[in-house]
Amino acid sequence: MRRQRPFWVMHPTEADRNTCQCKTHENLQYMAESLYNQGLLQTKNLDEMADAIVCDTKSKICAYSECPECRVTTFQMIKSPSNESISVTQWVLEKIGDASHDKMTVSVKKEMVTTEDALVTQFQERLAHYRRHLFNIRWQYGTYRQVRENLQETDALIHVDFSENYNCKYSQEIQSVHFGGSHQQATLHTGVLYIKAEQPIIPFCSISPSRQHDPPAIWAHLSPILTQLRERCPGVTRLHFFSDGPATQYKQKANFYMLSTEPFKMGFKETSWHFFEASHGKGAPDGIGGSLKRTADSLVHHGTDIPDAESLFLQLKQKTSSVELFFVSPEDVEKMGQRIVNGPPLVTIKGTMRMHQVISVVQESIKYRDISCVCKMMDGVLDCPCYGLQEFTFARSESQQEDYTIERSAPALLRPEVISKVHIGQWCIVNYDADPYPGIILEVEAHNIKVKCMHRNGVNKFFWPSPREDVSWYGDDQIVCFIPEPVALNKRSVQIDKKIWHYLEKHL
Ligand SMILES: [Zn+2]
Ligand SMILES: [Zn+2]
Ligand SMILES: [Zn+2]
């Protein structure tokens, strides 16, 4: 359409896209540094080590520890580790603030002491997880590049993300002591739209007083830009969405259901949603949100009141010409919610947590797989059978109704939508890189759950590590379900309820 590339649209360099810089793996980096300094490792380059323990860095089965050749390959140490002590820096979450204020959780660096033996074991275990993480980062970015470069007349690429909520404020408050009190917040859903490789991109943002970030909100926010796309480019019939994958937002059954219904109602024929690897989905949308909020703050500083979402929208609309802006009312979000309520029962789809691509070429039906594939995109085919493509139909067939009933009647498999402090002490399953670990919830802070986890020593066999406990913070979406306390197998090991184990094997 008519725009130039705005200065603030970030194009991450290839290097940013191909390596891991997330918190989770900074800890692994520190382990590598300690082992390097102790003379056990000849390198501290994680990518190099992850690449060294697979036969082929472009092979999914190697990365996923499914290759018979390299499944249990560990990285070669220079010498064998002793039980001498070794210190290692780690990021841990800690609470700050006193009782009179809301406690905040912050990440702090801590110096830990352990033994060479224990550190090497932990390092090798995590390196095996890391190779999958690194593979997924590279693969999903590779897909993004491929889709963008191969866009046809019929294609649109839409990269979206929720921006941090904007705190609305009055100009006068900036000087006043009351600043920082309770304010209206506005939700910003940001994105960029690409239509055909050589066209400039179209940045957009929708603003809403509704603070929902769930699938009804996602589709209420997408609706205006899709409507506009339909009007301006009627030739576009295939939508390729890209986003990161928080399970409470994009990567869940209700979003998949809407992906297989909403665009079709508007006249689109095929859709696909690609998920970047967790913690690696930032990019252009992030820059748009930041830029808009800076514009709003500067308006407030110069005397303009922005007391609510509607005025934020109106003010930005006057000041911004490089971003398509839309307003989404709470009623719009509500209406979308009704469509889910009135739709078929939404059962959890097997393997949701590990999927990176969902496709819909038939209404109310999706196909999905662990990693994205677009090998037949140029031939007009989105659902090539690669990487174990699976299918799921939302319609109320008898067998699905039955699955639904089974799921409903097995409360032990369920988990509450929101995990809170009342759940401290509860047994749960943590999903660590698609492997289930039982543990006990120790602490809950916003979306972070502190869990003391067991370690595995066989199929459905777990034990408490000692003397060092495995206590860590996990994201809310890593808690798969609650479970009853595992039962003892022998003196040392326990077993998770067999039915639940069976479920986990099928779903993770
Ligand atoms: Zn990472
Ligand atoms: Zn291999
Ligand atoms: Zn393919």
task: Quote the FRET efficiency, to the nearest 0.05, computed for Q199 versus S59 with a Förster distance R0 of 45 Å and r equal to the Cβ-Cβ distance.
output: 0.80
message: More than 23 angstrom separation, counting every C-alpha pair in segment 153-358; what % is that?
response: 46 percent
query: P(r) for the chain: what percent of alpha-carbon pairs falls in each 20 Å bin, starting at zero?
result: 20, 53, 26, 1
query: What is the sum of charges around V362, taking Lys and Arg as +1, Asp and Glu as -1, for the other residues whose C-beta is under 12 Å from the C-beta of V362?
result: -2
- prompt: So which trypsin sites (Lys or Arg not before Pro) in segment 465-508 are both in a DSSP loop and have at most 10 other Cβ atoms within 10 Å of their Cβ?
  reply: K491
message: Between N83 and S321, what is 0.36 nm times their sequence separation minus the Cα-Cα distance? Round to one decimal in nm.
response: 79.3 nm
- prompt: Expressed as a whole number of Å, what is the distance separating the alpha-carbon centroids of segment 112-173 and segment 189-264?
  reply: 19 Å
statement: Length gained if S107 through L489 is fully extended, taking 0.36 nm per residue and subtracting the Cα-Cα distance, is 133.8 nm
- request: May I ask you to derive the relative contact order of the chain, considering only C-alpha pairs under 8 Å and at least 6 residues apart, and to give it as an integer percent?
  value: 12 percent
message: Just to confirm a number: summing +1 for Lys and Arg and -1 for Asp and Glu over residues other than F162 whose beta-carbon lies under 14 angstrom from that of F162, what do you get?
response: -1
Out-of-range pairs (alpha-carbon distance over 26 Å; input K350/K499; K461/K499; K58/K376; K79/K461; K169/K253): K79/K461; K169/K253
field: Loop-located trypsin sites (Lys or Arg not before Pro) in segment 52-151 whose Cβ has at most 15 other Cβ within 10 Å (DSSP)
entry: K58, R71, K79, K103
query: What ratio of Cα Rg to 2.2 N^0.38 Å holds for segment 193-273?
result: 1.10
query: Under a straight-distance cross-link criterion of Cα-Cα below 13 Å, which aspartates and glutamates are reachable from K450, leaving out those fewer than 8 residues away in the same chain?
result: E94, E469, D470, D476, D477
- prompt: For segment 110-233, with the dipole built from +1 on Lys and Arg beta-carbon atoms and -1 on Asp and Glu ones, taken about the Cα centre, which of Y194, H183, C233 lies farthest toward the positive end?
  reply: C233
query: For a label point 7 angstrom out from the Cα of T295 toward its Cβ, which stretches of segment 311-340 have the backbone nitrogen within less than 20 Å?
result: 311-329
- prompt: How long is the gain from R211 to E164 if the chain were fully straight, where each residue apart is worth 0.36 nm and the alpha carbon distance is subtracted?
  reply: 15.9 nm
- prompt: Could you give the alpha-carbon Rg of segment 425-466 over 2.2 N^0.38 Å, rounded to two decimals?
  reply: 1.18
statement: Place a point 7 Å from the Cα of A434 in the direction of its beta carbon; the residues of segment 362-396 whose amide N falls under 14 Å from it are 368-373, 387-390
message: Given contacts defined as C-alpha pairs under 8 Å and at least six residues apart, what's the relative contact order of segment 153-358, whole-number percent?
response: 31 percent
- request: In nm, give the distance between the simple-model label positions of Q172 and E94, each being 7 Å from the Cα along the Cα-to-Cβ direction.
  value: 4.3 nm
task: Would you mind counting up the charge near H447? Only other residues with Cβ under 9 Å from its Cβ, with Lys and Arg at +1 and Asp and Glu at -1.
output: -3
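A short reminder: the numbers here are calculations on the coordinates, not readings from a lab. Computed from a prediction, not measured in an experiment: that's the story for all the values here. Methodologically, a virtual Cβ is constructed for each residue, glycine included, from the backbone with ideal geometry; neighbour enumeration extends over all protein chains shown.
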